[in-house]
């Protein structure tokens, strides 16, 4: 879920540098009616270092406006950066540069050759290779089950022994400055993917390298594992940054099918696909919220959607859009046509309600006006045909896009909204009285409990955090049906919310009433960190055996006692790691995905380069000590 910026002097200077998913190279001040004049002045500049300093150094060298630091960009390959500027996320913003200028910037920043796994240190033995062929699924999806409750009941880790967790191994993703694909596990095989566009299979016990598959495009979603009637892993399903969805055969290590989730040119997949029976449900989002920064961009035409695919062939079974077909709504001050309605993207994994035959989703804001009834909503769709059964819109009239932070907000909707996405998926759980309930956390900092038997009617709502630019609930709460555990990131704030107290940390609420049980604030330990450090808990949380695990933007992973909120265990990952594959490893901020726990191990990604957070590229495995 993109976390956006309020207008301030730093953001106005270089917002376009700050809000890219990968990187932004242009100042909005340059993306104006004077573009032709700028080109005529700078066309002779071919030095990548000179061009970088002219267009983006003001942001990236100092991490202003929460832009990725320059050191994060230098972890990527030349090919990666060049593609981002020419055909990828930055194609709209970098279009005013000549091809040779874009290539010069890419060559200055990127690594010419992709790093390879150290064949002696990284690859598994032939024995491990053989043993990986048939494995039973253990953790097969992002939410640990159809209901997205992120609750693991059969872990060996407990409050009594959690203090003995020690690092067992670290795997470092080559040519990466973030680690974002939450691992899934079958038997002793970990499936994950990386920013460098590769799918990996690693040995659970050692972290050694079983095999890789080159996707070619960053994969952010968890890798969903399908199984046969005996529970053995057979296929993998995932989406990539450019909006492609894949069906992959484990035995042959071949793509069985590949489809594009939407014809819109800036489609992306951030939420993990959800398989139920023989249908794959894919949440579809876009990068158009970034494209809107460019005044000349005809904003906006993307329509969020859920796509249902046949798992065997990839054939579309149904598609439900979150907005009607956009039509012209006038012309902006730069002469570009304005379109609407648009937006209402879906950032998170869908939740399946087998009993009622429904699929629950959470949506984001509209990009333009007119707004729709589907934005900032929890919705129920028919599993069979995608028909909308009910909509509960908790924030009305929320129209926002990246242009709203510019000094001259050409593409920003009039009377723009607060951008209160539902980035965390709705969770379905059963209370002690046997009644089902839907729990949904929003970027506003509010939690909503809804009745699945009464068209999603709100049973209770509770403000947990103050919400804001990067405040509130981002990626995932967790519950056991009795208590709801809510990670809050309140490290930034909208000006109109500045009077509200920040409540970063872990919160426990009664599922039935929404009453607060305890609050465990996270101490700010950032000191004089040069990166955008803070105590916020933005990443998804994981619950098991009387503990809730949560990674912070400060690079610390903590285990909170579910009864008291006391921190039972903590580990600092903001450091260098010696990796099993011979690639330089470094930990950093936790964001997006959360810890995975299986048996006596906890496995988690560390490192997140967006918004000036601390970059990192490691997958870490902690194991209970045998001492």
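Assorted remarks:
- Odd one out for residue 521, checked against (1) touching a residue at least 40 places away in the same chain (Cβ under 8 Å); (2) under 14 Å from residue 566 (Cα atoms): (1)
- The one condition from (1) surrounded by fewer than 20 Cβ atoms within 10 Å (Cβ to Cβ); (2) not assigned by TED's automatic domain parsing to the domain that holds residue 365; (3) not in a loop (DSSP other than H, G, I, E, B) that residue 247 does not meet is (1).
- All of (1) more than 18 Å from residue 413 (Cα to Cα); (2) at pLDDT below 95 hold for residue 235 with one exception: (2).
- Residue match in segment 268-290 (condition: in a loop (DSSP other than H, G, I, E, B), under 24 Å from residue 195 (Cβ atoms) and in contact with a helix residue (DSSP H, G or I) (Cβ under 7 Å, 6 or more places away or on another chain)): no
- Filter pass, residue 222 being surrounded by fewer than 24 Cβ atoms within 10 Å (Cβ to Cβ) and either modelled with pLDDT of 95 or more or in a strand (DSSP E or B) (or both): no
- Qualifying residue in segment 399-407 (condition: within 17 Å of residue 457 (Cβ to Cβ), in contact with a strand residue (DSSP E or B) (Cβ under 7 Å, 6 or more places away or on another chain) and in contact (Cβ under 8 Å) with a residue 24 or more places away in the chain): no
- Criterion applied to 253, 260 was being surrounded by fewer than 21 Cβ atoms within 10 Å (Cβ to Cβ) and on the phi > 0 side of the Ramachandran plot, and the one residue passing it is 253.
The values are calculated or read from the model by the stated rules, or taken from the named source; none is laboratory data. Values in this document were obtained by computation on a predicted structure and should not be read as measured data. Every residue, glycine as well, gets a Cβ built from its backbone with ideal geometry; the counts of neighbours run over all protein chains shown.
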